[in-house]
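Have a look at the structure below before the remarks.
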Amino acid sequence: MALSGAISMLTKLIPTYPTITPCGQGQQIRSMYTKWKTMRDMKRRKLAKEYAPERLRLLGIKRNDVLPREIRDLASKTFEEQIPRHSAIRQLTPRCVVTSRPHGVLHRWRVSRFIFRHLVDYNKMGGVQRAIW
């Protein structure tokens, strides 16, 4: 009885705050990606990394001319049934990490040419200097 009285007295001392919902009416849920196409590309990258060893093994068996036709057909069938198409490396698009732009991306820095020029102009990119002549 004394314990329940002490707990009720402590709960009266602690102030109550209104509950804050993370996503209320009209609020937009944001992710760490700038656009939905980037999110799709990241899913494809995850699939490509997950299925890379198995995909490579099955493609090697499928394209090997020395093996009997039955084994190659079995590998081809397994490849089509178990490996998703989005796990192919050619499905990946090099995108700018800032703007998600798919064209004009400088591979070494993973940014588009516009962002690269802006960063170099304001000396934000280490080891890179704008050409002056």
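Within the stretch 60-73, is even one residue loosely packed, with under 13 Cβ neighbours inside 10 Å, part of a loop (DSSP other than H, G, I, E, B) and either of a type in the set (Lys, Arg) or within 15 Å of the chain's Cα centre (by Cα) (or both)?
yes
Among the numbered criteria (1) open to solvent by 50 Å² or more (accessible area, probe 1.4 Å); (2) at pLDDT below 90, which single criterion is violated by Gly5?
The failed condition is (1).
State which residue is least open to solvent (accessible area, probe 1.4 Å) when the search covers only the stretch 81-120 and only residues that are aliphatic (A, V, I, L, M), modelled with pLDDT of 90 or more and within 18 Å of Lys35 (Cβ to Cβ).
Val111
Restricting the first residue to the stretch 66-77 and requiring it to be small (Gly, Ala, Ser), which pairs with a second residue that is surrounded by 10 or more Cβ atoms within 10 Å (Cβ to Cβ) meet a Cβ separation below 7 Å and a spacing of at least six or different chains?
Ala75/Leu58; Ala75/Ile61; Ala75/Lys62; Ser76/Lys62
Looking only at the stretch 62-70, decide whether some residue is farther than 30 Å from Gly127 by Cβ, at pLDDT 85 or above and of a type in the set (Asp, Glu).
Going through the stretch 62-70, the residues farther than 30 Å from Gly127 by Cβ turn out to be 62-70.
Of the ones still in play, those that are also at pLDDT 85 or above are 62-70.
The next check asks that each one be of a type in the set (Asp, Glu); those that pass are 65, 70.
There is at least one residue in the stretch 62-70 that is farther than 30 Å from Gly127 by Cβ, at pLDDT 85 or above and of a type in the set (Asp, Glu).
Is it the case, given these coordinates, that Tyr51 is of a type in the set (Phe, Trp, Tyr) and exposed (fewer than 10 other Cβ atoms within 10 Å of the Cβ)? Please lay out each step first, then the result.
Working: of a type in the set (Phe, Trp, Tyr): yes; exposed (fewer than 10 other Cβ atoms within 10 Å of the Cβ): no.
When the stated conditions are applied, Tyr51 does not pass them.
The values are calculated or read from the model by the stated rules, or taken from the named source; none is laboratory data. What you are looking at is a predicted structure, and each value in this text was computed from that prediction instead of being measured. Reconstructed Cβ throughout: ideal geometry from the backbone, glycine too, with neighbour counts over all protein chains shown. All accessible areas refer to the heavy atoms of the entire protein, side chains included, with ligands and DNA or RNA removed. Shrake-Rupley method; radii C 1.70, N 1.55, O 1.52, S 1.80 Å.
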